[in-house]
Structure formats: structure tokens, C-alpha cells
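Enquirer: Got a structure for you, written out below as C-alpha cells; questions coming shortly.
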């Protein structure tokens with residue numbers, strides 16, 4: 001129980017704790033599919049003598065992440081402070097729920113549009129920060145490939161996780177933009 005008070009920094013990952021019939025598509029299915037297609041394309045193109053300048057690709061993604069961090073934090077601030085009665089209504093249809101612990105009891109509460117967007121953009125903000133730091137770390141890390149097989153395994157696992165995080169960021173960003181552009185203005 002003493003550890004619970006130290007978990008506040010993980011609140012930004014609440015998007016992954018949302019429960020709904022539809023939300024699992026955006027949390028896991030779409031990002032995994034996109035990441036698999038990207039990795040398979042990379043492998044197929046590499047076997048066809050087409051090479052990627054991975055450092056340049058990561059540098060370009062890092063440039064974008066530097067911009068997106070500010071966008072997501074601004075979107076989070078705007079959603080939190082924007083006065084619109086539609087934002088404070090519980091989402092219609094199969095509203096996602098978020099389970100919280102209150103006085104030792106697990107409570108699953110349906111989300112309002114404002115809370116949903118705050119959770120969504122908080123997740124996007126932290127994911128873009130993690131991607132930015134990971135990209136900067138990758139660009140400055142020099143690993144001598146001494147023929148050890150674990151070096152290649154670690155490299156591929158890191159590349160798969162990085163690609164999945166980018167795919168997740170893309171999917172969740174599109175979901176958030178859908179709500180900002182379309183759903184937020186409906187009654």
C-alpha cells in the first residue's frame with residue numbers, strides 16, 4: 001500500500017487502463033498491426049537491396065517529437081480549461097470506463113468527454129517524450145558489434161518497441177483529433 005503513493009507518475013498511462021468494447025482496438029490492435037506492417041516492410045525492402053538510413057529516420061522522427069510534445073501539452077491544457085457543456089457529459093454509447101481505487105474499493109467510472117480527452121492527450125504527451133528521449137539516446141549511443149548474438153537481439157527488440165510506440169502515438173493522435181474535430185461539437 002505504501003508503494004501506491006509513488007505511482008502518481010504513471011497516471012499518464014491511464015489510457016492503457018481504459019476499458020470498453022471498442023477501445024482495445026486503439027490501445028493494442030491497430031498499433032500492433034501498423035508496427036507489424038512497418039517492420040515486415042523494412043525486412044522485405046532490406047532483402048531487396050533497399051536500405052534505410054536509420055539514424056536519419058530517427059533524427060527526423062525526433063524533430064517531429066520535439067514539436068508534438070508541445071502540441072499535446074497545449075491540447076491537454078485546452079481540453080482541461082475549455083468551457084463546453086458537451087465536454088462534461090458522459091460519453092454516449094459504450095463509454096470507456098476507468099477503474100480507480102477509492103478507500104480500498106475498485107470503482108469503474110464511465111468517462112466524460114473531457115476526462116477521456118485528458119487521458120488521451122496525457123498518454124500522447126508522455127509517449128512523445130519517451131520517443132524523443134529514446135531517439136536521442138539511440139543517436140548518441142555507440143555499440144560495438146563484437147559478434148555477440150545478444151547485441152542483435154537487443155537491437156531488434158528495441159526497434160520493435162520503438163516502432164510500436166510510434167504506431168500507438170499515430171493511432172491515438174488520430175483518435176484524439178477525431179474527438180476534437182467531430183465528436184466534441186455534437187450534442
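Enquirer: Step by step: first the residues of segment 153-179, then only those that are more than 30 Å from residue 141 (Cα to Cα) and buried (at least 17 other Cβ atoms within 10 Å of the Cβ), then the one that is modelled with the lowest pLDDT. Which residue is that?
Expert: Ranking the qualifying residues of segment 153-179, first place goes to 179.
Enquirer: With the structure loaded, tell me whether residue 93 is assigned to a loop (DSSP other than H, G, I, E, B) and within 27 Å of residue 17 (Cβ to Cβ) or whether it fails that test.
Expert: Yes, satisfied.
Enquirer: Spot the failing condition for residue 76; the list is (1) buried (at least 16 other Cβ atoms within 10 Å of the Cβ); (2) not in a helix (DSSP H, G or I), and only one is missed.
Expert: Unmet condition: (2).
Enquirer: Of the numbered conditions (1) in contact with a strand residue (DSSP E or B) (Cβ under 8 Å, 6 or more places away or on another chain); (2) not in a helix (DSSP H, G or I), residue 87 fails exactly one; give the number of that condition.
Expert: Exception for residue 87: condition (2).
Enquirer: Something else: Of the numbered conditions (1) in contact with a strand residue (DSSP E or B) (Cβ under 7 Å, 6 or more places away or on another chain); (2) farther than 16 Å from residue 124 by Cβ, residue 59 satisfies every one except a single condition; which is it?
Expert: (1)
Enquirer: Right, next: With respect to the numbered conditions (1) in contact with a helix residue (DSSP H, G or I) (Cβ under 9 Å, 6 or more places away or on another chain); (2) surrounded by 12 or more Cβ atoms within 10 Å (Cβ to Cβ); (3) modelled with pLDDT under 95; (4) closer than 19 Å to residue 161 by Cα, which one is the sole condition not fulfilled by residue 55?
Expert: Status for residue 55: all satisfied but (2).
Enquirer: Determine which single condition residue 101 fails, assuming it passes every other condition in (1) outside any loop (DSSP other than H, G, I, E, B); (2) in contact (Cβ under 8 Å) with a residue 60 or more places away in the chain; (3) surrounded by 12 or more Cβ atoms within 10 Å (Cβ to Cβ).
Expert: Going through (1) outside any loop (DSSP other than H, G, I, E, B); (2) in contact (Cβ under 8 Å) with a residue 60 or more places away in the chain; (3) surrounded by 12 or more Cβ atoms within 10 Å (Cβ to Cβ) one by one, residue 101 breaks only (3).
Enquirer: Exactly one condition in (1) over 21 Å from residue 15 (Cβ atoms); (2) in contact with a strand residue (DSSP E or B) (Cβ under 7 Å, 6 or more places away or on another chain) is not met by residue 112; state its number.
Expert: Only one criterion is unmet by residue 112, namely (1).
The values are calculated or read from the model by the stated rules, or taken from the named source; none is laboratory data. Bear in mind the structure is a predicted one, so any value in this text is a computation, not a measurement. Cβ coordinates were reconstructed from backbone atoms using ideal geometry, including for glycine residues, and neighbour counts include every protein chain displayed.
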